[in-house]
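Below is one structure, written out as structure tokens; comments come after it.
The values are calculated or read from the model by the stated rules, or taken from the named source; none is laboratory data. It should be emphasised that the depicted structure is a prediction, and the values quoted were computed from it without experimental measurement. Please note: Cβ atoms are built from the backbone with ideal geometry, for glycine as well, and neighbour counts cover all protein chains shown.
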Amino acid sequence: MNLNAAILGYGAYVPIYRIRTEEIARVWHGGGAGPNRMKAIASYDEDILTMSYESASQALSMANYPKIQAILVGSESKPYAVKPTGSILSDILGYNSTLGVDLEFACKAGTEAMQLISGMVSAGTIDYGLAIGADTAQGRPADELEFTAGSGAGAIVLGRPNGREVAKIKHSVSYVTDTPDFWRRPHDQYPMHLGRFTGEPAYFTHTTTSVKMLFSETGMKPSDFKYAIFHQPNPRFPVEVGKRLGFTDEQLRPALLNDDIGNTYSANTIIALAKVLDMADTGDMIMLASFGSGAGSDAFVIEVNSRDDDDGYVPFSERLRNYREVDYATYARWRGKILK
Amino acid sequence: MNVIPIAYWRNRKVYTRMIGTKCKDCGAEFFPPVRVCKKCGSRNLEEKEMPKNGSLLAYTKLSEPAQEFKEYAPIYLGLIRLDNGVNVISMIADADEEKLKAGARVQATVRKWTEDGKGGLVYYGYKFRVLQ
Ligand SMILES: [Zn+2]
């Protein structure tokens, strides 16, 4: 779909704590490491509401606090099964005359929020909206997902282009099918997945299909973009899917984050977009494709305009350099993995 | 669990957004909010959101905190002077004793205070963290 939406502000938040995958492997596998070096973990007093607040505060500050009329939060780790995170957040941020909705689609719930609000502002039904993707991803102890399941939140303030926007969202497509690669039933604490099945029929098929749809609808090709951002469930997949579609290392590398923070699920591609927007220049084109198990992919064409940094603005990559490592016992205690 | 959901709900703007009061007669600001100005005795007060930045004056470490915080021990409590001069006592988020020095710049965020078991409400509120 053609869109006439603009990113007016963005924010990315990753908790300060990391656990090395060597530490997880030491406890469960007698040594070794996961596909990534570390993953970010939320502290005992953090959840998707607090992390959403952090990322939204950054995005709203960059956008100069416009009158938000929709708050959409994508997540699979909501504090309540019934009671919207969007409404709690609206109160804390001080916007009550707003739609407050929670979305779920495994790792692509955040880009769904982005796509829905882009559609609303393009259609003129609202002037400004806040799209958030946030997760404290759950990995069953000793499961291979435990190496990568991380925590983080990304937020984007959207409106219509006004000449002072950070970037324009020009086009978006989605592709979804019923694919049983990964799921969680209502009362289960941890998700189930079909191991190797998560690669070809799920991640690669849906991502390549949505990106090819995007190319076909817009007439664009990989060389038209300065940056390409793909969902990062591990360090390898985004590079491999990018290469298959014809993107180069130079286009793919700036967005990569999985090695340092793991897979932040619904926050994954929004955080990567924040990292890329921090370094992008006026006129740069960005291709972004998310992936969510179950399964589907949303793809976007984004054109960078400019950004007036506050004096105090610290780029996301710089903030990531400040972290503290914790051991498995601390992680298990904080993330509720110890029975009391 | 000692938190009463309705009392928390009534005060949620105080706990999450740090809404205090400002005296319309003498300009004094208060947090938590007051009904009567402690400086000039006026009842002519308005709501005022407190600044989220300040400096740490002192802190203490609680190894045996109250029941609803027990599983989070140790808890660090800071005495903070906000940039408008108002003093606040707050839990410190992501506390690192090496960085908890008098004069350290701190900023408010929202964190989970406690939760009422697995099925009850989650209570959120301000905590301050040391700026890097
Ligand atoms: Zn007064």
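Kindly indicate whether any position in the range B:26-34 is assigned to a helix (DSSP H, G or I) and surrounded by 14 or more Cβ atoms within 10 Å (Cβ to Cβ).
No, that holds for no residue.
For (1) within 20 Å of A:E23 (Cβ to Cβ); (2) buried (at least 19 other Cβ atoms within 10 Å of the Cβ), each residue gets a yes or a no:
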| position | (1), (2) |
| --- | --- |
| A:R236 | no, no |
| A:E250 | no, no |
| A:N258 | yes, yes |
| A:Y265 | no, yes |
| A:K275 | no, yes |
| A:I286 | no, yes |
| A:G294 | no, yes |
| A:G312 | no, no |
| A:A332 | yes, no |
Quiz item: Just wondering, is there one or more residues in the range B:35-43 that are surrounded by 13 or more Cβ atoms within 10 Å (Cβ to Cβ), assigned to a strand (DSSP E or B), near the ligand (Cβ under 9 Å from one of its atoms) and of a type outside the set (G, A, S)?
Solution: no
Quiz prompt | Only one of A:Y17, A:Y13 that is within 13 Å of chain B (Cβ to nearest Cβ), more than 15 Å from A:G154 (Cα to Cα) and among the aromatic types (F, W, Y) | solution = A:Y17
Quiz prompt | Residue satisfying all of: in the range B:91-106; more than 10 Å from every other protein chain (Cβ to nearest Cβ) and more than 17 Å from A:R324 (Cβ to Cβ); surrounded by the fewest Cβ atoms within 10 Å (Cβ to Cβ) among these | solution = B:G103
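For (1) under 21 Å from A:S317 (Cβ atoms); (2) more than 10 Å from chain B (Cβ to nearest Cβ); (3) in contact with a Cys (Cβ under 6 Å, 6 or more places away or on another chain), each residue gets a yes or a no:
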| position | (1), (2), (3) |
| --- | --- |
| A:M38 | yes, yes, no |
| A:I41 | yes, yes, no |
| A:Y44 | no, no, no |
| A:Y53 | no, no, no |
| A:A59 | yes, yes, no |
| A:K67 | no, yes, no |
| A:S75 | no, yes, no |
Quiz item: Cβ-Cβ below 6 Å, separation at least six or inter-chain, first residue in the range A:84-103 and of a type in the set (V, I, T), second assigned to a loop (DSSP other than H, G, I, E, B): which pairs?
Solution: A:T85/A:K78; A:T98/A:I68; A:T98/A:Q69
Practice problem: Look at B:E49 and say whether it is over 17 Å from A:L93 (Cα atoms), surrounded by 12 or more Cβ atoms within 10 Å (Cβ to Cβ), among the charged types (D, E, K, R) and more than 9 Å from the ligand (Cβ to nearest atom). | Solution: no
Quiz item: Which residues, taken from the range B:75-132, are acidic (D, E) and more than 17 Å from B:R17 (Cα to Cα)?
Solution: B:D94, B:D96, B:E97, B:E98, B:E115, B:D116
Self-check item: Verdict on B:K22 being under 24 Å from A:G94 (Cβ atoms), within 16 Å of the ligand (Cβ to nearest atom), touching a Leu at 6+ places or on another chain (Cβ under 7 Å) and of a type outside the set (G, A, S)
Solution: yes
Quiz item: Is the range B:17-31 home to any residue that is under 23 Å from A:Y53 (Cα atoms) and touching a Pro at 6+ places or on another chain (Cβ under 6 Å)?
Solution: yes
Quiz item: Out of (1) within 16 Å of the ligand (Cβ to nearest atom); (2) surrounded by fewer than 16 Cβ atoms within 10 Å (Cβ to Cβ), what's the single condition that is false for B:Q67?
Solution: (1)
Self-check item: Any chance A:A272 is farther than 24 Å from A:P180 by Cα and out of contact with any Asp or Glu (no Cβ under 9 Å at 6 or more places or on another chain)
Solution: yes
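Check A:S77, A:S87, A:S118, A:S122 and return the single one that is surrounded by 24 or more Cβ atoms within 10 Å (Cβ to Cβ) and not assigned by TED's automatic domain parsing to the domain that holds A:Q232.
The match here is A:S118.
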Quiz item: Does A:Y313 meet the test of being closer than 16 Å to A:T136 by Cα and either assigned to a strand (DSSP E or B) or among the aromatic types (F, W, Y) (or both)?
Solution: no
